[in-house]
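Shown next, in structure tokens, is the structure this report addresses.
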Amino acid sequence: MKKTRPILWILIIAAVASAGYYGWQKFAGPDAGKTQTAQKGPPRPPAVPVSVAPVQKADFPVYLTGLGTVQGFNTVQVRTRVDGQIDKIAFTEGQMVNQGDLLVEIDPRPFRAVLDQAKAKKQQDEANLANANLDLQRYTKLGEFATRQQTDTQRSTVAQLTAQIAADEASISNAQTQLDYTQVKAPFTGVAGLRQVDIGNIVNASTQTGIVTISQVEPISVIFTAPEDQLPYITEGQKAGALKVIAFTTDGKKTLAEGKLAVINNQVDTTSGTIRLKAVFDNKDHALWPGQSVSTRLLVRTLKDATVVPDDAVQHSTNGLYAYTVNQDNKAEVHKIKVSYGIDGRSVVDEGLTPGQQVITGGQFKVQPGSLVSTAVASSDPSQNKVRQE
């Protein structure tokens, strides 16, 4: 009995300790957790990360965009004006030829023979005229010993031979012209195309097949169209000077050249409701080429002090366009807006925003009106991608 008493006391103490710990966990623990939670309050929702850009007041260029086709400023299909065999080709395909450069030489021997014959005929007639003048002088000196009929007849012979010499000179000029035509020369400076004849071929002036096509590329022109309802703005803009035209690649990613509007067609195409326009470019670097398709922009006017925002700030809904702004408390606010023009990543806002406001340009899909946001300032210039965290 003496040995079992210590063991019994140990078991009693362990049971009391276990019961006390269980009671503390059940009653004191939950009350303490509730007290700590009550002291912290409800959890604060996290801020939505967004990108913002300022609403700016700036001059905004208004462009008319369209598609156009490049044409040589002058294009000619070079043909022969005389018949004969080609003896020489003096150009290479794709060469830049200057005005007056020799392109093709046709066998000149038959034409040179005709020229020599015309010159010989003139010399013969000049000799006859000289003899007729001497006879006329003799009849005149004889006075009353020569009949009047003889003198008048001789004077008529001199006049006839004088006229014959004039005809000989015309024949010589014609023969010289035909001989000159055996050398086919470039009518203007341009790029030679693919050769259509070879040395040894017989060419005829009556055939439609040419020798080569030459296109003038400095300057060069672009033919494009614009909607007829924009015609008043185009004609009004031209009163202040030639309107600027920019040519791009068809995907609009690369600028090719800048030129001026030169011609407005004299009538509107009633089937399509468009007007044909012609722009001229210096094209010193040959960025434009005849037959090339390009995208065009015609600057019709410039809006002064327009309210401008990045395109990314403009959102679409069933009720129209809207944009989010960030107020001084870093909370999002929604504004209904009206947009009139947009190009190159910028839009003109007519109503709904004022310069100086900060519009959200990225992360709108997580934003609700009144949402707390953390901002990163994006450049309003679409060509720059710099972002500054705030």
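Worth pointing out:
- Computed lengthening from A170 to D229, 0.36 nm per intervening residue step minus Cα-Cα distance: 15.3 nm
- At R0 = 25 Å, FRET efficiency that the Cβ-Cβ distance of Q328 and A376 yields, to 0.05: 0.90
- V334 - accessible surface, heavy atoms, 1.4 Å probe, Å² rounded to 10: 70 Å²
- Element breakdown for the range 83-150 at a 1.4 angstrom probe: carbon and sulfur atoms account for 47% of the accessible area.
- Distant-in-sequence amide contacts of L321, defined by a placed amide H-H separation under 5 Å and a gap of 5 or more residues or a different chain, comprise I337.
- Solvent exposure of the range 149-206, expressed per residue, is 57 Å² of accessible area, with all protein chains present and a 1.4 angstrom probe.
- For a modelled paramagnetic label at D350, 7 Å from Cα along Cα-to-Cβ, the residues of the range 308-330 in reach, with backbone nitrogen under 20 Å, are 308-324.
- Note, ³J(HN,Hα) from phi for the range 120-132, Karplus 6.51, -1.76, 1.60, rounded to Hz, x at Gly and Pro: 5, 4, 5, 4, 4, 5, 5, 5, 5, 5, 4, 5, 5
- For the pair D59 and D107, label points projected 7 Å from Cα toward Cβ lie 6.8 nm apart.
- The accessible area of R138, taken with all protein chains in place and a 1.4 Å probe, comes to roughly 130 Å².
- Here the peptides 267-275, 254-262 are ranked by packing, the mean other Cβ count within 10 Å, and the order with the highest first is 254-262, 267-275.
- Cβ-Cβ FRET estimate between N128 and S293, R0 fixed at 41 Å, reported to 0.05: 0.05
- Across the range 215-227, coupling constants 3J(HN,Hα) worked out from phi with the 6.51/-1.76/1.60 Karplus curve, θ = phi - 60°, read 10, 7, 10, 10, x, 9, 10, 10, 9, 9, 10, 9, x Hz, and Gly and Pro carry x.
- Length gained when the stretch D311-T147 is fully extended (0.36 nm per residue, less Cα-Cα span): 48.3 nm
The values are calculated or read from the model by the stated rules, or taken from the named source; none is laboratory data. This structure is a prediction, so every number in the text was calculated from the model and none was measured. Don't worry about glycine lacking a Cβ; one is built from the backbone with ideal geometry, like all the others, and counts go over all protein chains shown. The area values use the complete protein model at the heavy-atom level, side chains included, leaving out ligands, DNA and RNA. Shrake-Rupley method; radii C 1.70, N 1.55, O 1.52, S 1.80 Å.
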